[in-house]
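Asker: This is the structure I want to talk about, given as structure tokens.
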Amino acid sequence: MLSRVLFACVCLGLYSACSSLSCRWMDQKFSQFSGTSLDLLDMMANNSTNSTEAEENTVGFPHHLYHQASKASAEDKVAFMVQILEEVLSLFEEDHSSSSWEETTEENFLSVINQQAEELHSCVGPLSLSHTKMNVKLQKYFKRLSDEILKKMGHSAEAWELIRKEIKAHLIKVDNLPSLLTRN
């Protein structure tokens with residue numbers, strides 16, 4: 001009986017240690033990776049041909065979802081951040097041959113975003129935010145970005161510049177969410 005209690009305590013201790021270690025990345029590396037992704041997006045703008053003024057975005061930015069996420073539990077905030085990063089990765093899978101930025105810059109950007117998503121994903125449980133309205137609304141928002149900007153504008157350089165600006169706004173918002181993790 002004593003050995004079972006000891007085994008349970010050891011397992012619980014290891015689980016707790018692993019859980020805190022997996023989120024240590026958030027405290028130590030998230031900000032660095034976030035800054036890098038924003039720098040790479042800025043480099044993409046510098047490489048972009050902005051000779052034509054792109055039309056204004058027709059998809060409203062989902063400020064209310066970030067407001068809801070800011071009031072959520074720490075685990076749900078992180079899950080929301082993971083979903084944003086995964087939606088960004090998915091969006092960039094579309095035809096970007098007309099974009100005017102360098103391919104290596106985009107690859108580096110996507111690599112950083114993927115690394116962030118993977119590391120943050122290790123900080124949340126499997127069911128966190130998996131079936132909430134926020135999750136579905138966020139998916140629909142990114143689907144509208146794809147349909148109403150990229151597809152309607154023929155995946156043009158101007159469309160990708162609008163997407164780049166929109167993604168930058170998201171990444172800035174995501175960068176601010178960790179400061180709210182201690183608030184619930």
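Asker: Considering only residues of region 51-95 that are in contact with a His (Cβ under 6 Å, 6 or more places away or on another chain) and of a type in the set (A, V, I, L, M), which is modelled with the lowest pLDDT? Give the derivation first.
Answerer: So the first thing to find is which residues in region 51-95 are in contact with a His (Cβ under 6 Å, 6 or more places away or on another chain), and the list is 82, 84, 95.
Of the ones still in play, those that are also of a type in the set (A, V, I, L, M) are 82, 84.
On the way: Val82: 91, Ile84: 95.
The selected residue is Val82.
Asker: Using the structure shown, decide if Ser122 is of a type in the set (S, T, N, Q) and modelled with pLDDT under 90. Even if it seems obvious, please write down each step before you answer.
Answerer: Values: of a type in the set (S, T, N, Q): yes; modelled with pLDDT under 90: yes.
Yes, satisfied.
Asker: Output the number of residues of region 68-78 satisfying the condition of being surrounded by fewer than 19 Cβ atoms within 10 Å (Cβ to Cβ) and closer than 13 Å to Lys137 by Cα.
Answerer: Residues flagged as surrounded by fewer than 19 Cβ atoms within 10 Å (Cβ to Cβ) and closer than 13 Å to Lys137 by Cα within region 68-78 amount to 1.
Asker: List the residue pairs whose Cβ atoms are under 6 Å apart, where the first residue sits in region 51-73 and is over 26 Å from Glu161 (Cα atoms), the second is modelled with pLDDT under 90, and the two are 6 or more positions apart or on different chains.
Answerer: If the second residue must be modelled with pLDDT under 90, the pairs left are Gln68/Met134; Ala69/Lys77; Ser70/Leu180; Ser73/Asn184.
Asker: Could you please give the count of residues in region 149-181 that are within 24 Å of Lys29 (Cα to Cα), touching a residue at least 24 places away in the same chain (Cβ under 8 Å) and not basic (Lys, Arg)?
Answerer: 12
Asker: Could you list all residues from region 78-99 that are free of Cβ contacts under 8 Å to residues at least 60 places away in the same chain, under 19 Å from Leu162 (Cβ atoms) and more than 9 Å from the chain's Cα centre (by Cα)?
Answerer: Taking region 78-99 and keeping what is free of Cβ contacts under 8 Å to residues at least 60 places away in the same chain, we get 79, 82-83, 86-87, 89-90, 92-93, 97.
Okay, now just the ones that are also under 19 Å from Leu162 (Cβ atoms), so 87, 89-90, 92-93, 97.
Within region 78-99, Ser90, Phe92, Glu93, Ser97 meet the criteria.
Asker: I'm told Glu102 meets every condition in (1) at pLDDT 95 or above; (2) over 11 Å from the mean Cα position of the chain (by Cα) except one. Can you identify the failing condition by its number?
Answerer: Failed condition: (1).
The values are calculated or read from the model by the stated rules, or taken from the named source; none is laboratory data. Every value quoted in this text rests on a predicted model; they were computed, and no experiment measured them. Glycine also receives a Cβ, built like all others from the backbone with ideal geometry; neighbour counts cover every protein chain displayed.
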